[in-house]
Structure formats: structure tokens, C-alpha cells
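One structure is given here, and the rest of the page talks about it.
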Amino acid sequence: MKTHIITYGCQMNEYDTHLVRSELASLGAEFVDTWQEADFVLVNTCAVRGKPVEKVRSLLGELRKEKERRALLVGMMGCLAQLEEGQQMARKFEVDVLLGPGALTEIGKALEAQSRFWDLSFREELTHHLPPAPKGALSAFVSIIRGCNHHCTYCIVPTTRGPEVSRHPDLILRELAQLKAAGVVEVTLLGQNVNSYGKDQPGYPSFAELLRQAGRVGIPRIKFTTSHPVNFTDDVIAAIAETPQVCRYIHLPVQSGSNRVLRRMGREYRREWYLDRIRAIRQAMPDAVLSTDIIVGFPGETEEDFQQTLSLYDEVRYDSAYMFIYSPRPGTPSYKHFQDLPREVKVERLQRLIERQKHWSYQQNQRWVGQTLEVLVRGAAKDEAYAEGHTRGNHPTLVPAAQAPRPGLYQVLIRQATPHMLYGEVVGAQEPAPLPLAMA
Ligand code: SAM
Ligand code: SF4
């Protein structure tokens, strides 16, 4: 069957798409580049903010029109599928296959079914599933824990992805070994709260221990996302500092710099705790690269609260940040109990925060000028004079295309830095050598 998968949302969704895609490939699916060519279109959805939900709504509308013209099977998976909001859409737009984030392993049964197939259960098979290594990829994701036991008042994820379930460490290590054998040089360990790893299963290693074990597999770059500040213990910091394969890139979402807002968000830590964690990271690893997630304009956020976020920015000096405007999501406590701020207030604050972040990104990026960094080159940049890649600290980096003819790891002397880009020249190829041309 000619199949096309469209993915919205986070890295976990990308991983889930890979999982379903490999299941479909084993069933003989042929993948096509556009939905217009496909007999089966599968949409992997995101429900965290309103925008991706609206994108799915308009896509499903188009697909329903297409169904009037020809035989077409439409599927929906991911977070939105788990919600009443998504199921209403699925009914309205005549979606044939609906799989919640816990039911992805049912894709084969869904295609065998001769009628509409909906499954919203959380299946144990998913935790035991071992997807094959992606072909010819240098970077890959590995899920280590699914779900979330926190209750941030703005967030729909605990509803859509259920409680935390850690994967067996042997399975994770097997998946890593498979990826290494396939030539992958960078793996990102995934979970909503990776540092909760193991807490739900007696006998499993802690996240810190898992990082050490993952390092020993021998993949040159191990990254992880996302960490919750409340569980970002000294042991986790020590494991990162001691394990050379683990990149010193730490994404630690703060969400707000104001204790009053953090309390209303249900974040379970105070500004002082967060700043103490940052201090501990910097003490153990002065070269650590730090990024965060911030929500601007949470209900009830005053100008004074927002100033607290700006001052936290100045204390931490993040290398980069994902900055979001608060989006009221039906089904969350903040949607039910709090009044949304006017959009213009939220937009104006976001613009100020973006400016502040640009300042710090520029300052932080200057520290790499004159240094040699390892860059994972993926291929040609938009401007074909350059090849693009990223450092161990996730900095997007450009090098002259002629100096990095194939994807792979290179040593790059950084010559120039802007807020969003490093520019350098290749001074050596790193072991393992770049991939042979056939895979490039
Ligand atoms: N588990 C992670 C954590 O605790 O930071 C992140 C999960 S969430 C899918 C990714 C980011 O989306 C969050 O860190 C938060 O900044 C943002 N987010 C979640 N709900 C949101 C909402 N209702 N409005 C705006 N941003 C939101
Ligand atoms: Fe959402 Fe909070 Fe859980 Fe992150 S920790 S997924 S923001 S509820």
C-alpha cells in the first residue's frame, strides 16, 4: 500500500513515527513523498498547543475532500488522537484508523480490519517493542520512558500519554548497540521526564546509571531530553560530567522565573532550586551548554512576574531557548480555572524575551570562536556553498561544502558566531570516519 506519514510535534512523535513506519515497512508498505500519491495517509498529531491542533484540523478537512474523489484510508495517531477533541475531529472528518500514543503497536491489526479501527489503550507491548535501526542515519532517537507523573497545570501530556513507564534497560542497551552497528553516531534518549527513569520499576537503574551504561556502548554522542529540574540530582550531573560520550548539552525547562507563576503552574520547584541546579551544572562542567523552555503570558502573569523571568535569563545566560506563548488547552487545570491574558500582552512579552535571548545567544556563541569543536555534518545547507551540521552542544554550524563532502563527524575550527549560527573551517575528520559515499 502506498503510504505517507505526516508528523507534527516533538521528538517523541518523530520516534513514534519511526516505530510505526518500520512496522508498516515490515508489512510491505511502500512510502511515497506526498499525501496526494498515497492510498494511506497517517497523521501523527500534537496536542500541546492550539496551533498544531489547528494544522491537523485543516489537513483532515482536505483529506476528507480527497476521500470523496478516490479510495483513501486516513489514520490519526499521537496525542490529539487520545483526546475527546481529537476524536470529535476524527468523527467529523471520517478518520478510519485512530491510535492513541499507547496503542501504536496495533497498526498492523488496524490495517487488517475491514472497518473503522480505533484503539486508545495503553499497551504493554509498546514498552517491549524494539524498532529496527533507521537506514543510513547518523542520528537517532531512543525512547527510555513514556508518560508523565507530573501535573503542570497548563499541560495536556499526562492525559494524552498516561503515567510514567520506563523501558527495560536491556532493551534500551540492545537498541543502542543496534544503532551503533548501523553507523549511528548520535543518539538522543527520549522521555517527557528522562530523569524519572527507573523510579516506576524496582530493580531498574537510575537515570544517572543508565547514562553511564549508555556511554559504555560506544556511540560517540549521547544526548537526552527532556529533564525535569526537580529530579536533576547531583548524581545525574556527575554522570554527565564523568561520561565522555554524554554531550554536555543540558536542556532544562524552567517555564517561568517567578515563584508565584511556578506555583500556579504546579512546577514543584522554586526559582532558587532551579538556579542552584544551574550552579551545580556549571561548577561540574564550566563548558556546559544550556537551553530551556519558557511559557510567556501564563494566566495571571504580571509585568513584575515577567521581569523575574527576564532576570532569571540574565542570571543563567542560556545558549538557546524554546519560547512559547501560553496556549489554553481544553482538559488542563489552567484552562478550567484561570483567565487567559490578552493576546497582545503575551505577544509583546514574547518579543521582549526573544530579544533578550538573542543577546545571550550571541554572547554565549562568541566563547567558541577560536576553538575547535566536533561537528556532525548532515549534508548540504540551503546555501549550497555550505554544509550544515551541529556541535555536541547543539549549535547549528556551517562549514564550506568542499571541506565536508560527506555526512559525518568533523573537527571544525570556529571562525565566527552569530546568535543562531557558528561558522568554521574543517581541520580534520573525526573517528569514526565520515560515511562512505554510498550512504551519504
Ligand atoms: N516534559 C517536558 C517538561 O517538563 O519540560 C516538556 C514537555 S512539553 C511537550 C514541551 C514544552 O511545551 C513544555 O516544556 C512547555 O514549555 C510547552 N508547553 C506545554 N504546554 C503548553 C501550553 N499549554 N502552552 C504553551 N506551551 C506549552
Ligand atoms: Fe507536561 Fe509538566 Fe509533564 Fe512536562 S512535566 S510533560 S510540562 S506535565
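Among the residues of segment 200-257, just one is closer than 24 Å to residue 391 by Cβ and of a type in the set (Asp, Glu), namely 242.
Across segment 101-117, what is the number of residues that are in a helix (DSSP H, G or I) and touching a helix residue (DSSP H, G or I) at 6+ places or on another chain (Cβ under 7 Å)?
Of the residues in segment 101-117, the ones in a helix (DSSP H, G or I) are 104-112.
Retained after the next criterion (residues that are touching a helix residue (DSSP H, G or I) at 6+ places or on another chain (Cβ under 7 Å)): 104-105, 107-108.
Final tally of qualifying residues: 4.
The set of residues from segment 35-89 being of a type in the set (Asp, Glu) and either within 16 Å of ligand 2 (Cβ to nearest atom) or touching a residue at least 40 places away in the same chain (Cβ under 8 Å) (or both) comprises 84, 85. Would you please list the contacts, defined by Cβ atoms under 8 Å and residues six or more apart or on different chains, that run from a residue in segment 143-165 that is part of a strand (DSSP E or B) to a residue that is among the hydroxyl-bearing types (Ser, Thr, Tyr) and more than 9 Å from ligand 1 (Cβ to nearest atom)? Here the result reads 143/15; 145/166; 145/196; 145/197; 146/127; 165/127, each pair linking segment 143-165 to a residue that is among the hydroxyl-bearing types (Ser, Thr, Tyr) and more than 9 Å from ligand 1 (Cβ to nearest atom).
Based on what the data block shows, is residue 406 assigned to a loop (DSSP other than H, G, I, E, B), over 30 Å from residue 285 (Cβ atoms), more than 16 Å from ligand 2 (Cβ to nearest atom) and not hydroxyl-bearing (Ser, Thr, Tyr)? Give the derivation first.
Working: assigned to a loop (DSSP other than H, G, I, E, B): yes; over 30 Å from residue 285 (Cβ atoms): yes; more than 16 Å from ligand 2 (Cβ to nearest atom): yes; not hydroxyl-bearing (Ser, Thr, Tyr): yes.
So residue 406 passes the test.
So in segment 299-351, with the set limited to residues that are among the aliphatic types (A, V, I, L, M) and in a helix (DSSP H, G or I), which one is surrounded by the most Cβ atoms within 10 Å (Cβ to Cβ)? So that I can check it myself, show each step before the final result.
Filtering segment 299-351 for residues among the aliphatic types (A, V, I, L, M) gives 310, 312, 316, 321, 323, 325, 341, 345, 347, 350.
From what is left, the residues that are in a helix (DSSP H, G or I) are 310, 312, 316, 345, 347, 350.
Details: 310: 14, 312: 20, 316: 22, 345: 16, 347: 12, 350: 18.
Among those that are among the aliphatic types (A, V, I, L, M) and in a helix (DSSP H, G or I), it is 316.
Tell me yes or no: at least one residue of segment 232-242 is crowded, with 17+ Cβ neighbours inside 10 Å, under 20 Å from the mean Cα position of the chain (by Cα) and farther than 30 Å from residue 377 by Cα. Yes; the residues of segment 232-242 include at least one that is crowded, with 17+ Cβ neighbours inside 10 Å, under 20 Å from the mean Cα position of the chain (by Cα) and farther than 30 Å from residue 377 by Cα. The residues of segment 211-255 that are under 15 Å from residue 287 (Cα atoms) and among the aromatic types (Phe, Trp, Tyr) amount to a single one, 249.
Can you say whether residue 232 is more than 22 Å from residue 354 (Cβ to Cβ), without any contact (Cβ under 8 Å) to a residue 60 or more places away in the chain and hydrophobic (A, V, I, L, M, F, W, C), as far as the supplied structure shows?
On the way: more than 22 Å from residue 354 (Cβ to Cβ): yes; without any contact (Cβ under 8 Å) to a residue 60 or more places away in the chain: yes; hydrophobic (A, V, I, L, M, F, W, C): yes.
Spelling it out, residue 232 is indeed more than 22 Å from residue 354 (Cβ to Cβ), without any contact (Cβ under 8 Å) to a residue 60 or more places away in the chain and hydrophobic (A, V, I, L, M, F, W, C).
Taking segment 142-154, which residues are more than 9 Å from ligand 2 (Cβ to nearest atom), of a type in the set (A, V, I, L, M, F, W, C) and under 28 Å from residue 256 (Cα atoms)? Listed by number, the residues that qualify are 144, 145.
Going through (1) within 20 Å of the chain's Cα centre (by Cα); (2) surrounded by fewer than 17 Cβ atoms within 10 Å (Cβ to Cβ) one by one, residue 145 falls short only on (2).
When residues in segment 118-135 are screened for being surrounded by 18 or more Cβ atoms within 10 Å (Cβ to Cβ) and either small (Gly, Ala, Ser) or in a helix (DSSP H, G or I) (or both), 3 of them pass.
Read-outs: derived from the displayed coordinates by stated rules, not from any lab. Keep in mind the model is a prediction, meaning the values are calculated, not measured. Reconstructed Cβ throughout: ideal geometry from the backbone, glycine too, with neighbour counts over all protein chains shown.
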